[in-house]
Every structure is written in C-alpha cells, then in structure tokens.
Amino acid sequence: MKWPASFFSCGTNCSSWPAMGGKLPGPASGTAPANAYTTESNPIVVIGEQYIAPYPVDLKIQHTVFTVAENNFDITDVNDNPIFKVKNKLFSFPDRRVLLDAAGNPLVSLKQKVKILSVHRRWRVFRGESDKSSDFLFSVRKSSLVHLKMRTKTTTTTTLDVFLASNTSESLPDFKITEGWRDSSCTIFAGHAIIAQVLNLLFQS
C-alpha cells in the first residue's frame with residue numbers, strides 16, 4: 001500500500017543522483033511552487049559532490065512500509081526512478097533511521113541523542129552506519145515552536161537548526177528548517193536563501 005506522496009523540490013545544495021545509472025535527474029519540472037532558488041558558486045558539500053546539481057531537482061517522497069515495527073520511505077524522481085530509501089526501525093533505542101541509495105547502500109545514519117534535562121531533542125547524522133566521531137556530519141535540533149494566529153485559524157510552525165560538524169560553537173546554524181504542522185510542509189534555508197521545499201500533496205489538491 002502506498003500513501004499520498006510529498007513533493008520535494010531541491011536547489012543546488014540538496015539535489016541528488018541515483019546510484020544506479022550514475023546521472024542526475026533533469027531540472028525541476030515546475031510542479032513545485034516557483035520560488036527563486038539561489039544558485040551558489042561554492043555550494044556546501046555535506047555528503048558528497050555527486051549529490052549536488054547546478055539546477056533545482058524535483059523528487060517525491062512516499063511511504064512504502066508502515067507497520068508496528070517499521071516506517072519506511074522511498075524517494076524517487078518525478079518519473080518514479082528510485083533515488084533514495086529511508087529505513088526506520090520503530091521502538092529502537094536510541095531512535096535511529098538510515099538513508100540508503102537506490103542500490104541499498106547506507107549513505108547516512110540519523111540517531112537521536114537523548115538528554116534527560118533538555119526539552120530540545122537533537123538528531124546526530126553520521127556517514128554510512130557509523131557512530132564514530134570521525135564520521136559525524138551534522139546535527140539537527142528544535143529551536144522554536146511558534147503558534148501564528150490568523151483570522152480564521154491558528155497555524156503552528158516548528159523551526160529546526162542544522163549545525164555542520166565543523167560548526168563547533170553553534171552560535172549560528174548552517175541551515176534552518178521551518179515546518180508547518182497542519183500541512184506537513186517544510187522549507188530549508190541556507191541563510192535567507194531557500195535551497196529546498198517539501199510539500200504534502202494531500203494538502204495541495
């Protein structure tokens with residue numbers, strides 16, 4: 001069974017290519033909102049240069065397995081060619097997810113760091129399936145939860161801060177993610193520039 005997909009439109013810092021076939025998907029088709037993505041002359045390389053494109057790329061995210069033990073996703077291009085997979089073992093401790101390429105090779109592991117006295121959950125991301133400090137890439141933590149009151153409804157927005165491994169002071173995040181609770185959409189920023197957006201197609205019809 002497949003659930004309604006989310007639509008993922010990437011700019012130059014988060015585009016990707018399928019491991020099988022070895023070439024990038026084509027430029028974005030324009031299905032996503034026409035926001036002006038900033039093309040950077042020196043894009044930040046987080047996982048590898050092969051995951052960067054000089055143009056926006058459209059991807060789809062869709063549940064493939066949802067059981068009491070697993071919550072998995074497929075990420076494809078607009079023609080349903082596989083790009084990534086996400087495997088999530090529920091009820092594991094600590095909470096852990098793995099991003100794989102189309103061939104099933106682990107690219108990064110996301111592990112939740114639990115702090116008993118902290119209200120902010122933090123995810124740490126490592127290369128492959130490692131948990132060694134030498135393979136640490138970046139961390140993500142919740143920075144704020146904002147309730148915006150509109151004339152007819154209240155919208156809740158969550159902001160996440162992303163810190164690269166080299167940013168040890170964490171005085172300013174390298175990226176920010178804003179997530180709308182109602183429609184499960186999110187926007188990813190590098191500074192003030194939008195580099196990616198995720199839209200839940202269930203709420204776009």
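The values are calculated or read from the model by the stated rules, or taken from the named source; none is laboratory data. Values in this document were obtained by computation on a predicted structure and should not be read as measured data. Positions of Cβ are backbone-derived with ideal geometry, glycine not excepted, and every protein chain shown enters the neighbour counts.
Annotations
- Evaluated against (1) under 25 Å from Lys60 (Cβ atoms); (2) at pLDDT 90 or above; (3) not basic (Lys, Arg), Gly180 falls short on exactly one condition, (2).
- Looking across Ser144, Ser134, Ser169, one residue alone is surrounded by fewer than 15 Cβ atoms within 10 Å (Cβ to Cβ) and at pLDDT below 90. It is Ser144.
One line per residue, one yes/no per condition, for (1) modelled with pLDDT of 75 or more; (2) farther than 21 Å from Pro43 by Cα; (3) among the hydroxyl-bearing types (Ser, Thr, Tyr); (4) in contact with a strand residue (DSSP E or B) (Cβ under 9 Å, 6 or more places away or on another chain):
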site: Gln112; (1), (2), (3), (4): yes, yes, no, yes
site: Val119; (1), (2), (3), (4): no, yes, no, yes
site: Arg127; (1), (2), (3), (4): yes, no, no, yes
site: Lys149; (1), (2), (3), (4): no, yes, no, yes
site: Lys153; (1), (2), (3), (4): no, yes, no, no
site: Asp161; (1), (2), (3), (4): yes, no, no, yes
site: Ala165; (1), (2), (3), (4): yes, no, no, yes
site: Pro173; (1), (2), (3), (4): yes, no, no, yes
site: Ser184; (1), (2), (3), (4): no, yes, yes, yes
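- Test for Phe84: is it touching a Phe, Trp or Tyr at 6+ places or on another chain (Cβ under 7 Å), surrounded by 13 or more Cβ atoms within 10 Å (Cβ to Cβ) and modelled with pLDDT of 90 or more: no
- Residues of region 59-81 satisfying the condition of being within 14 Å of the chain's Cα centre (by Cα) and at pLDDT 90 or above: Asp74, Ile75, Thr76
- Number of the condition not met by Pro56 [criteria: (1) surrounded by 15 or more Cβ atoms within 10 Å (Cβ to Cβ); (2) modelled with pLDDT of 85 or more]: (2)
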